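Notes follow once the structure below has been shown.
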């Protein structure tokens, strides 16, 4: 059978055309539905501030179609109905929305929580936080906002591990003490270098609301680029710059009241009388108060607590800030003004207190594609008014006066009880006023030119001018009808102090990426800084009629307090830095700086300070890809050297000083010239630090922590006043002979989580530092009177040094069988403090039997912040404290009947030793020489000053923008807040455990204040 061809089907022409037409219509209808172009518009806003975002990218997912928001934060884009719109902006999380049938799509962007993309300010530049190889801590503007504080340092306290901030006094206008990673010097400056936008300044003068971020350079590697000024660490403060777009206005207001805290508690009037009698009888003296008098004292109860009489119950405090920012495509600006009004807690005059005004303007302009200019200017002016005496005098007198005496008698006259020659309330009310007027003007200009694609040159010039004037008019006080008053002399004093600081810096920055994995960054720079200071003071005694308190009205010149002088110093520097990164996985950095300082002779003027650091981002390795919960894991190590030039001026030169009325010559007072001792071989104090760190984050960076271990050796430490033979007749010159070691660790963590619609944030940090003198130059230095300290190998700088107590003698047999304690003629008696006989010779002598008894430096410093947000409500709680610290308090701050005075008697003195109360906490009560045994310098007077403080609590509510925008308000938030609300401490004396000034040793310190306030944040 033959094969047949299969017939090929043939379509007729007319049928084929019909089918094609039907298919075409079907496809056209579907394409019209799928790709219909809707015109979409809307606004893009910040979720926190509800302000519009200019320059946000708005794109169609999966395409190249995109646009940007305009100056009003508005966009317009044509997109198909089935497409998805993506909005993104640097520093924010991207947001997606489906178009559907919408014609208006608004977006609210949240700040990005990806810590790996965070940029941190470092020396002369910025770096990604993920690529840091050194120990640098950073906080943002939220730390400083909406807190009832007067200085930025108060807000910074407890927020950064390893940074110890203490208030010597809370008196208006007083600053804070800042220490980073321990004390590394004996007698030189210990304050860190603080740079505000590249220019040295004071953290206590800047408006906290102007701060955008603070970076703390804690190890030598990060700080070495600042060389000879970085031994105590470096704090870099960056102020807020404007953002282009429509004008935005923000107004912040806080008003509250201060209340003194941790005040000493006194025994009641009748208890005082009984204890006074007991002390007199124990000292072999007759009792003073009769039973009838004691019964009468019971009727008056507490009596008059003089320390309470000189303080107000409440004192107002307010802060106002106004900022305006905006700009166009090429120029942006930020302008702010602020005002602080803090009244003093002291009675006597409503004008006592601090008034500070701040103003700042920052302008950034892109003049061309290659040239950028930034200009900044700031003014701070503070007026501080206080009494004309000294605070410690007022507190000393008010503390020791017994509660049985009134401040004023029945006729309204100020009293002079208890052998006093003054009255604290009278001094506050009638004694005149001291006024400080401090004005600072700061300006800087920065220009950056892109020479090539990868090469930029930047020039910086800054000026800081400060004028500090002090006028004191102390009035004489008439205490009639009482006699013996000691405030009979009126006087007037004027002091002027002006400092001009100039800084010029030129840097060359090079950034180069080779291939996909190799990245290099280089920095070369030269800097020159000069300071010129002039000051003078004049004091006149005798102002007729206590009126018109000006120098020209004084009758007699106080020669010893009339003087003037000036000083200049300069430093020239060359520095460089190089960074290398391989695939953002292996990171290396090297720094070097050469400083030439006028503080040293030409032979020792220059110092070189190098550093090296490296890091390994383990989480970037291929073998870590399967660890899904790990966001980042980095280990780092650094070594470096930094210097300390803060040793005073002209130490390498023999200087001459004139002392007026120094000695008597033929019955006339004669002036004298004093020549200083000189050491031309003086050189830098150098600190060498080794640091190891781990940075890790988990669960998409919701949980992160950082751990650092460090050791810092400070060598060639300068020492003054070394012992010299008396026959020499002079003092020893300053010498480089000491060595100090600081070892420590720091841990910080952040945890972000959500429960339903509630957002939580926990930030915590803790740190410890141990200080040790490793070379005292072969000379142990003992100093101090009431509080004795020692500088000795193997122990912290200026450790407490005294006898060690061993309970109380309970009976005469114990006294007879114990070591002889002959601090007075009668010797020890039952109820007196018993001391340890260190050398075993049977006799207690301070020069033979003293121990090293601890030190005042805080250990285990910590802070914890918890914040929660829900539907416009926000709550934050901040705890801060110290886990271990000792405080040696002497004088009327703790001793009953101190120095033969009639008082004080505190509530804890009631639990004193008697034969019926052998387990008491306080020894038997005595007066005069009978107190010599118990008043010996010993650890009995050293107390536990560790504490936990509820530092700040804030509760706020933000009204939904859908309501406020109808009134033209972008954001309206109201809140209540409190500062220093609760303090938990074992300190018995009733004084604040945080204080660290010299007056803290006797309790003569202005109290730390609790503040309760309300506040408003309004943005337009």
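The values are calculated or read from the model by the stated rules, or taken from the named source; none is laboratory data. These numbers come from a predicted model, not from an experiment. FYI the Cβ positions are ideal-geometry reconstructions off the backbone, even for glycines, and counts take in every protein chain you see.
For residue 427, the criteria (1) under 30 Å from the mean Cα position of the chain (by Cα); (2) assigned to a helix (DSSP H, G or I) hold in every case but one, which is (1). Among the listed residues 954, 943, which satisfies the condition of being modelled with pLDDT of 95 or more and in a strand (DSSP E or B)? Within the list 954, 943, the selection yields 954. Just so you know, in segment 880-899 the residues that are farther than 14 Å from residue 996 by Cα and surrounded by 24 or more Cβ atoms within 10 Å (Cβ to Cβ) include one that is modelled with the lowest pLDDT, and it is 893.
Residues in segment 132-150 that are out of contact with any strand residue (DSSP E or B) (no Cβ under 7 Å at 6 or more places or on another chain) and in contact (Cβ under 8 Å) with a residue 40 or more places away in the chain were compared, and the one that is nearest to residue 310 (Cα to Cα) is 145.
Considering 173, 158, 184, the condition of being in a loop (DSSP other than H, G, I, E, B), closer than 24 Å to residue 953 by Cβ, in contact (Cβ under 8 Å) with a residue 60 or more places away in the chain and touching a strand residue (DSSP E or B) at 6+ places or on another chain (Cβ under 6 Å) is satisfied by 158 alone.
With respect to the stated conditions, residue 974 is out of contact with any helix residue (DSSP H, G or I) (no Cβ under 9 Å at 6 or more places or on another chain), touching a residue at least 24 places away in the same chain (Cβ under 8 Å) and within 30 Å of residue 246 (Cα to Cα). On the stretch given as segment 48-85, residues that are buried (at least 18 other Cβ atoms within 10 Å of the Cβ) and either over 30 Å from residue 868 (Cα atoms) or out of contact with any helix residue (DSSP H, G or I) (no Cβ under 6 Å at 6 or more places or on another chain) (or both) total 15. Would segment 700-708 turn up any residue that is farther than 30 Å from residue 586 by Cα, crowded, with 19+ Cβ neighbours inside 10 Å and either at pLDDT below 85 or under 36 Å from the mean Cα position of the chain (by Cα) (or both)? No: zero hits. Restricting attention to segment 983-1002, does a residue exist that is touching a strand residue (DSSP E or B) at 6+ places or on another chain (Cβ under 6 Å), surrounded by 20 or more Cβ atoms within 10 Å (Cβ to Cβ) and on the phi > 0 side of the Ramachandran plot? Checked segment 983-1002: no residue is touching a strand residue (DSSP E or B) at 6+ places or on another chain (Cβ under 6 Å), surrounded by 20 or more Cβ atoms within 10 Å (Cβ to Cβ) and on the phi > 0 side of the Ramachandran plot. State whether one or more residues within segment 282-303 are within 30 Å of residue 170 (Cβ to Cβ) and surrounded by 20 or more Cβ atoms within 10 Å (Cβ to Cβ). Within segment 282-303, one or more residues are within 30 Å of residue 170 (Cβ to Cβ) and surrounded by 20 or more Cβ atoms within 10 Å (Cβ to Cβ). When residue 678 is tested against (1) modelled with pLDDT under 85; (2) touching a strand residue (DSSP E or B) at 6+ places or on another chain (Cβ under 9 Å); (3) in a loop (DSSP other than H, G, I, E, B); (4) surrounded by 15 or more Cβ atoms within 10 Å (Cβ to Cβ), just one condition goes unmet, and that condition is (2).
Take the residues of segment 846-863 that are crowded, with 18+ Cβ neighbours inside 10 Å and part of a strand (DSSP E or B): which is farthest from the chain's Cα centre (by Cα)? Once the filter is applied, the top-ranked residue is 859.
For segment 124-136, the criterion of being more than 26 Å from residue 328 (Cα to Cα), out of contact with any helix residue (DSSP H, G or I) (no Cβ under 6 Å at 6 or more places or on another chain) and assigned to a strand (DSSP E or B) is satisfied by at least one residue. Being farther than 30 Å from residue 635 by Cβ, part of a strand (DSSP E or B) and touching a helix residue (DSSP H, G or I) at 6+ places or on another chain (Cβ under 7 Å), is that true of even one residue in segment 540-548? Yes: segment 540-548 contains one or more residues that are farther than 30 Å from residue 635 by Cβ, part of a strand (DSSP E or B) and touching a helix residue (DSSP H, G or I) at 6+ places or on another chain (Cβ under 7 Å). For segment 625-645, the condition holds for at least one residue, the condition being that it is assigned to a loop (DSSP other than H, G, I, E, B), in contact (Cβ under 8 Å) with a residue 12 or more places away in the chain and either over 37 Å from the mean Cα position of the chain (by Cα) or surrounded by 14 or more Cβ atoms within 10 Å (Cβ to Cβ) (or both).
Yes or no, residue by residue, for (1) in contact with a helix residue (DSSP H, G or I) (Cβ under 6 Å, 6 or more places away or on another chain); (2) closer than 30 Å to residue 714 by Cβ; (3) crowded, with 23+ Cβ neighbours inside 10 Å:
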residue	(1), (2), (3)
192	no, yes, yes
213	no, yes, no
257	no, no, no
262	no, no, no
271	no, no, no
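Reported count of residues in segment 683-717, each being assigned to a strand (DSSP E or B) and under 20 Å from residue 188 (Cβ atoms), is 11. Restricting attention to segment 307-330, does a residue exist that is surrounded by fewer than 21 Cβ atoms within 10 Å (Cβ to Cβ), farther than 30 Å from residue 431 by Cβ, without any contact (Cβ under 8 Å) to a residue 12 or more places away in the chain and out of contact with any helix residue (DSSP H, G or I) (no Cβ under 6 Å at 6 or more places or on another chain)? No, segment 307-330 has no match at all. Selection over segment 816-831 of residues that are out of contact with any helix residue (DSSP H, G or I) (no Cβ under 8 Å at 6 or more places or on another chain) and either in a loop (DSSP other than H, G, I, E, B) or buried (at least 18 other Cβ atoms within 10 Å of the Cβ) (or both) gives a count of 5. Scanning for something touching a helix residue (DSSP H, G or I) at 6+ places or on another chain (Cβ under 9 Å), at pLDDT 95 or above and surrounded by fewer than 18 Cβ atoms within 10 Å (Cβ to Cβ), does segment 804-812 turn up at least one residue? The answer is yes; a qualifying residue exists. For residue 585, are the conditions met, namely being surrounded by 14 or more Cβ atoms within 10 Å (Cβ to Cβ), modelled with pLDDT under 95 and in contact with a helix residue (DSSP H, G or I) (Cβ under 6 Å, 6 or more places away or on another chain)? Yes. Filtering segment 103-126 for residues that are crowded, with 16+ Cβ neighbours inside 10 Å and within 21 Å of residue 323 (Cβ to Cβ) leaves a non-empty set.
Taking segment 449-485 as the range and being crowded, with 16+ Cβ neighbours inside 10 Å, part of a loop (DSSP other than H, G, I, E, B) and touching a strand residue (DSSP E or B) at 6+ places or on another chain (Cβ under 7 Å) as the test, the residues that pass are 475, 479. Among all positions in segment 239-246, there is no residue which is over 30 Å from residue 74 (Cβ atoms) and surrounded by 20 or more Cβ atoms within 10 Å (Cβ to Cβ).
Each residue in segment 38-57 was checked for being under 19 Å from residue 960 (Cα atoms) and at pLDDT below 80, and 4 pass.
Residue 201 meets each of the listed conditions (1) more than 30 Å from residue 1014 (Cβ to Cβ); (2) surrounded by fewer than 23 Cβ atoms within 10 Å (Cβ to Cβ); (3) more than 16 Å from the chain's Cα centre (by Cα) apart from (3).
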